[in-house]
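The values are calculated or read from the model by the stated rules, or taken from the named source; none is laboratory data. Small disclaimer: the values here were computed from a predicted structure and weren't measured. Cβ atoms come from the backbone with ideal geometry, glycine included; neighbour counts cover every protein chain shown. Ligands, DNA and RNA are excluded from the accessible area calculation, which covers all protein heavy atoms including side chains. Shrake-Rupley method; radii C 1.70, N 1.55, O 1.52, S 1.80 Å.
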Amino acid sequence: LSEKAGWHKIGERHVAFKTDHDEIVVMGNDHFKQIKLKVKDAPIYLTSFDVYYENGTSKNIAVNKGMKTGEETAVTDIDNSQSIKKVVLVYNTTGAKKTVTETNNGKEKEKEKEVEKERAEVEVWGLK
């Protein structure tokens with residue numbers, strides 16, 4: 001990773017809808033002053049995430065929010081004097097929805113229907 005100031009993608013994970021937590025190991029230049037997550041592919045309900053540092057300490061960040069595709073968590077300050085070891089996500093999957101047209105007795109009606117997706121992608125971003 002670059003030493004330049006600004007936001008850097010420091011990890012990503014395809015979270016499986018069959019589990020409720022995932023771990024993202026952070027390698028390389030891993031000192032950041034702020035962190036945020038971005039959801040891609042499918043919505044999830046993000047309960048919280050934990051930032052684990054190389055020195056054994058950690059910080060829990062509560063989110064408790066349904067996150068849509070493309071949505072980001074709030075930016076959170078973290079200890080930039082410590083090297084990040086990993087980020088652990090705690091979540092529930094909500095399933096993706098799409099609009100479908102159904103025909104019933106010759107009448108078409110649009111409605112939202114939940115579609116099966118096997119996973120969503122979550123990106124971890126750190127600010128230098």
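Remarks
- The C-beta contact set for region 70-86 (first residue open to solvent by 80 Å² or more (accessible area, probe 1.4 Å), second residue of a type in the set (A, V, I, L, M), distance under 8 angstrom, 6+ apart or interchain) comprises Lys85/Val25; Lys85/Val26.
- Qualifying residue in region 46-62 (condition: crowded, with 19+ Cβ neighbours inside 10 Å, modelled with pLDDT under 95 and within 11 Å of the chain's Cα centre (by Cα)): yes
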